[in-house]
1. Any idea what angle helix 56-67 forms with the longest principal axis of the chain, computed on alpha-carbon atoms, 0 to 90 degrees, nearest 10?
2. Treating the angle as unsigned and between 0 and 90°, give the value, to the nearest 10°, between the Cα long axis of helix 2-27 and the longest Cα principal axis of the chain.
3. Tally the DSSP beta bridges in the chain and give the antiparallel ones as a percent, rounded to 5.
4. Pick from 49, 92, 187: which residue has the top mean-square fluctuation in a GNM of the chain where Cα pairs under 10 Å get a spring?
5. Give me log10 I(q)/I(0) at q = 0.11, 0.12, 0.15 Å⁻¹ for segment 67-148, Debye formula, one equal scatterer per alpha-carbon, no solvent.
6. Treating the angle as unsigned and between 0 and 90°, give the value, to the nearest 10°, between the Cα long axis of helix 188-197 and the longest Cα principal axis of the chain.
7. Along the principal axes of its C-alpha atoms, what lengths does segment 96-230 span, in descending order and rounded to whole Å?
8. Antiparallel as a % of all DSSP beta bridges within segment 41-179, to the nearest 5?
Ligand code: ARG
């Protein structure tokens with residue numbers, strides 16, 4: 001009697017187990033990638049009115065991974081946590097307007113470029129008679145940039161310049177509006193966006209020159225993930241060639257400050 005009862009339980013447990021296996025199997029037909037993205041970089045990636053991740057890079061990465069045959073989960077991670085989290089395997093991919101740099105390549109791998117961009121500079125209008133970064137350095141101006149970005153590295157080249165760093169680029173712009181700094185350097189797409197779309201913060205600022213550097217953005221992966229890199233590159237190359245990336249560039253109005261590259 002007891003034995004029969006026991007057998008029934010075992011059988012029931014087995015069936016429940018099978019059911020859940022079956023469901024799990026259906027849900028994850030494709031391997032799943034966790035993708036980290038910093039949602040403070042309008043119009044590249046930001047939280048929309050519904051609180052969802054949105055923007056050029058959000059659209060782009062969804063296309064790239066779907067086209068490469070993956071399911072995905074997007075997680076919002078701040079700039080300072082992106083590289084560490086990738087290396088410690090909290091996520092598999094990062095996309096966040098990250099410039100492909102030789103020093104970064106020592107620690108991480110990059111996809112082929114999906115956008116050519118660079119840094120651009122805004123200065124306060126009341127900082128007069130200054131038309132170059134050299135002149136800004138001469139007057140020992142205080143210029144803001146997001147920490148550990150190419151804008152920050154760019155400013156370090158000008159001796160005399162006082163660099164004020166921020167966790168988020170938007171904070172540098174707010175500080176400029178409050179006269180906490182004399183100007184800001186940022187990725188041209190962001191600078192352009194703030195200048196055109198956020199007059200409240202930039203009405204008392206002007207562009208200093210045009211795009212100052214030429215940089216390529218890439219999707220970032222762990223160095224050892226060679227197979228994944230190949231799949232991502234192949235997928236991205238297809239989307240660059242068939243005009244999908246160019247269409248997204250138009251949809252998000254990225255302007256003349258950034259160019260979609262054409263792969264060989
Ligand atoms: N392109 C610059 C860099 O790679 C800035 C990137 C900042 N991105 C961000 N999502 N906050 O250094």
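1. Helix 56-67 and the main axis of the chain meet at about 30 degrees.
2. 30
3. 60
4. 49
5. Result of the Debye calculation: -0.50, -0.57, -0.77.
6. The angle comes out near 80 degrees.
7. So the extents along the principal axes, rounded to whole Å, are 53, 32, 24.
8. If we restrict to bridges inside segment 41-179, about 40 percent are antiparallel.
FYI, it's all coordinate maths here, none of it is from the lab. This structure is a prediction, so every number in the text was calculated from the model and none was measured. Using ideal geometry, Cβ is built from the backbone for each residue, glycine included, and neighbour counts are taken over all protein chains shown.
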